[in-house]
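The block underneath contains the structure these notes are about, expressed in structure tokens.
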Amino acid sequence: MKSAVVAAVVVVALAGSAVRPVGAKGRTEVIAMHVAGTASSEPTEPGRVAYTVNVFNITTGERLGTLHDEITCSSTTPPPCLVFDVVTTLRLRGGEIMNHAQWSGVPDPQRPGFLLVGSRPTAKTANGTEGDYAHRAAHWAGSGTVDVRDFPARFGYDIFSVVTVDVDRT
């Protein structure tokens, strides 16, 4: 619980400050979210796994929508599979944002069956695809843990992410 409070304070401080994320130009909208819950695997292409889970406002706990991940081992990094190519679709009331990024995942030495995960891209990796977010570029960063004890049948999420969306359309 302490880590969630600290993360929320840090995100709120960043969201309300003049600090700009990587690549931000002009005005931005910040979506600070907690990706939480356990999802069952969904049908997808061979070599991939897919899951859909709820996302929540990091400060109020209000449900914002859903997040759908299509995950595969990265084809640009050597084995073992510790870097993943992830295509994420964030579905919110106002529209959709799609993110194409690499996420690192390493075994948590304190909690067997869990991975410590994170993505810290140096460029914008997301784009709005529908609704209010259509044609708007975004920077998406996140970190947390995932429960892989029942992988691939089930995948547990506990990830905090900040998506900084350009107000101007591309």
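Every number here is computed from the coordinates shown, using simple stated rules; none is lab data. All values reported here derive from a predicted model rather than from experimental measurement. Using ideal geometry, Cβ is built from the backbone for each residue, glycine included, and neighbour counts are taken over all protein chains shown.
Using the 10 angstrom Cβ neighbour count as an exposure proxy, how do V35, V30 rank, fewest first?
Details: V35 23, V30 18.
Arranged by neighbour count, lowest to highest, V35, V30 become V30, V35.
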Distant-in-sequence amide H partners of R136 (H built 1.01 Å from N, under 5 Å): G128, T170
Taking C81, C73 and counting other C-beta atoms within 10 Å, the order from fewest to most: C81, C73
Note, ³J(HN,Hα) from phi for segment 98-105, Karplus 6.51, -1.76, 1.60, rounded to Hz, x at Gly and Pro: 10, 10, 10, 8, 8, 10, 8, x
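Work out how much length A153 to T60 would gain on full extension: take 0.36 nm times their residue separation and subtract the Cα-Cα distance, in nm to one decimal. If you can, show how the numbers build up before the last one.
Values: separation 93, 0.36 × 93 = 33.48 nm, distance 3.05 nm.
Fully extending the segment from A153 to T60 adds 30.4 nm.
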